[in-house]
Each structure stands twice: as structure tokens, then as C-alpha cells.
1. Having 3 or more residues that are at pLDDT below 95 is the bar; report the helices (runs of 4 or more DSSP H) wholly within segment 40-127 that clear it.
2. When you go through 202, 217 one by one, which is the residue that is assigned to a strand (DSSP E or B), farther than 20 Å from residue 386 by Cα and among the basic types (Lys, Arg)?
3. Which of the residues belonging to segment 220-239 are modelled with pLDDT of 90 or more and assigned to a helix (DSSP H, G or I)?
4. Give segment 212-255 a look and list any residue that's of a type in the set (Gly, Ala, Ser) and touching a residue at least 40 places away in the same chain (Cβ under 8 Å), or say none.
5. Could you tell me how many of the residues in segment 164-191 are under 23 Å from residue 353 (Cβ atoms), surrounded by fewer than 24 Cβ atoms within 10 Å (Cβ to Cβ) and in contact with a helix residue (DSSP H, G or I) (Cβ under 9 Å, 6 or more places away or on another chain)?
6. When the residues of segment 225-266 are filtered to those that are aromatic (Phe, Trp, Tyr) and buried (at least 17 other Cβ atoms within 10 Å of the Cβ), which remaining residue is farthest from residue 371 (Cα to Cα)?
Amino acid sequence: MLVEVDSLSLYEVGAIAAAIVAAVIVSAKRMRSLRTRSACLPASLEGKVEAVFVAEAKIVDGAIFPLTLKPVVEDAQDPSAEHRLAFVRAHRDELLSLVRSRGAVLLRGWGPCSAEHFSEISTALNLAASEMSCSAGPRFEVAKNVFTANEAPPSERIPFHHEMAQCDNPPAVVMFFCELPAQVGGATPILQSFLAAEYLRKNHPAVAERLADKGVKYVRIMPPVTDPSSALGKSWRNSLRVETVEEAETSLRALGCTWTWLPNGMLHTVTKSMPALLLDERTGREIFFTAAETTFNSVEDEAIGATVEEKDEALIRPVKAIIYGDGSPLDKPTKEALFDVSEFMVRSQVSIPWQQGDALLLNNATVQHSRETFTPPRRILASLVGQLSKAGHTLHERDPELGIKACGIATVSPSSTMDGLPITHA
């Protein structure tokens, strides 16, 4: 409400000013109280770490997202990689419980660390390493179960996605480690996935119902030889872990895929139908559990039936895309809905700039991640552990002891990708 200041007495002006100040103070106190309550940690962590509220974080469902922990050093020594490793080893159960309940935990403030240290953190979680061969992009192991991220062109944003959503058994925990943050950009935004599902249901109910009913299939074109310069350049030989055409077809048949051989040894594959909307067993909430292709708005000439084999040979390139689970192309309303959802996710994201030595642990069942554009250089590493099941259209964590032993060739989709393993600037 607007008032004419000239018509008010000094007393009235003072009263209004006091009311405004009081409202600001109350609001600030409420926020501090909410942050304090939402950052409550297990008693066993007291004196070891403390929760901090970084500027870019948000309150989601009454809790800080992500939960950022920094070391409490009582002996006046500077925190170090050794301190953090000792903390993870000693409090592995509490840390994993926080990852599962909060969705994302950022370990910050222990200083720069090496790939070997990140590997030790991954090992300390005592979850089996996830299968890595099905990622679409070339990547290199730099330490035990620690890999380079799939660096799509720095000028391109990688859309939100759940890691390896195309696999029958995606990783349970996705870890990103920052060796070198980009000077400009390069953040890895995160999002509670139930928000995307709720938005889709509320604003595009017909499309949500079709996706829930039909599911989706993932389309991929793979080269015969790995092209390290391409973000999607992993060859079908590496993706399927085979050497010959005959072995590739045997593997694809076991996976329930269909395929077409293209000129120059390129391979066009289409996965079996997979759910796009799943229920998280722990929370009972619906999750928009999809891969990065789902928010691409350019699937027309990649869809099955687009006679991709008739393209000029020189134009055939590694690609990924999606179609409906019944094999039909996505219609215009669906593409528009997915594009709208992707814009909503960007508006709702939490994007915290990286600092050297950061370790970000994500619950892959409930949290999506993406990657912003950046100016090189930038060095982000990734490690995937644990295993999720999508049986019965419900997401739940499989027995950790099963681990990689249960992830045979028939559980690895050739369209799986680790695009966006990314992480960010400081």
C-alpha cells in the first residue's frame, strides 16, 4: 500500500519504519531458525563437522539442499585430505544416511585433494563399484573407480538427468570431485527430481499420463571406433564390450534392443521400453527418472522410422534421442511439455560454484544433475557406487553386496550415458 509521507506525522513515520525493521528481523530469525533445524546432524558427528548454509543453497521440504559439511578442527591444525578420509571411514553409515535422506551432501573445506584421495573416499563408502562400460562418452580411469567426466563441448549445457537412467540397475550414489574448477562457469546444478514430476503432472497431465503408460525408448548411433573428440564418441565395441558384429548382435539381443547397421560401421540401436516416471520407495514420491536425452528438443531425425540409414554417409554421427515406449515418435505436445519441464528445472535448480577439493555426493534415486557452460580449463572427476533397482516401477537400492557382480551384460543399455557428470566453478 502506498501512502503520502507528507500527510503523516513524524510519529506515524517512525512507527511504520519500526514495523518494517521488526518484520525484517523476525523474517531473518525465522530463516536462521529454519536453517538451524534443517541442518541438525547426528550426535555422532558433533565436533567432527558442521553444517554451513552456502549462499546458493535452498530450503527444500524444510531441509537445506544441498547439505554442506565443513570440518571442525579442534587441534588448530589445518584440515586436510587425510582428515576427510578419516572422517568418511569413521562415519560412513551416518554420511550415507544423510545422502539418502537429503539427496545431496557437499563436503567442503578440506583443501585440495588428488584423484587417489577421491578413490579412497569412494572405497571408504564400502559400496560396490557400478558398471562404467555403458557410458556414451569416452572416459579414462585416473584412479581406482575414479574417472574423468564426459566433457561435452564447454559451450553446451548438459540437460538435467539421472545418471544412467537407461540401465536396468543405475548407480545408487553419484560422486563428483573437483580437481580444478573452471574460472568461468562450469557448475553442476542439482534438482530434487520429485519437483519435475510434480510440475509435469500439474502442467501437462496428458503428456505425463502417456509417459507413465508408454514409457520411453532410447535411441543411439555409435561409431565402430571410439572418437575421443566426441562427447558421444564411445564405440559400440567398448559400449557392448565386444569385438565382432556377431558378438554385438548377441549382446543387443540379450538387452532386448533392436538395431540397424549403417554405413561405415556405424550402429543404430533402440532400447527396450523403460519407465520415465517411477516411485521412490523411501519417500513414496513420484520421480521424473530420465536421461539427458529426455529434455533435448531435437529428436525428429533421430527417431525410429526416420530412415537414418538413408542419410548421407558423411552426415551420420554419434547421437542420442528418445521415442515413446511403443516405438512411436514423440508428438509435438510431448516435445513442448518436455521443453517446458526442462526450463522449469533450470529455474528451480541449485547451482553452487565448485571449489578445489570439493566432493559432492548425490542420491541418484532422487536427485538429477546437469552442467553449465564454462571456460576451460576444468577438471572434474566422477565415481559411481551402489546399485538401484527399477523393478515394479519402484526405485529402491539393491543389496550392496550384489554390486557389480549382478550387473551383467544384459543389464547394461548401450544408450546409457554419463553426460553431465560435471561439476563446477569457484
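1. Numbers: elements: 81-90, 92-102, 115-124.
Because the criterion is at least 3 residues that are at pLDDT below 95, the helices (runs of 4 or more DSSP H) in segment 40-127 that meet it are 81-90.
2. Answer to the check: 217.
3. 236, 237
4. 212, 215, 230, 231, 233, 239, 251, 254, listed by residue number.
5. Here the count works out to 2.
6. 259
The values are calculated or read from the model by the stated rules, or taken from the named source; none is laboratory data. Treat the numbers as computed from the prediction; the structure is a model and nothing was measured. Backbone-built Cβ (ideal geometry, glycine too); neighbour counts: all protein chains shown.
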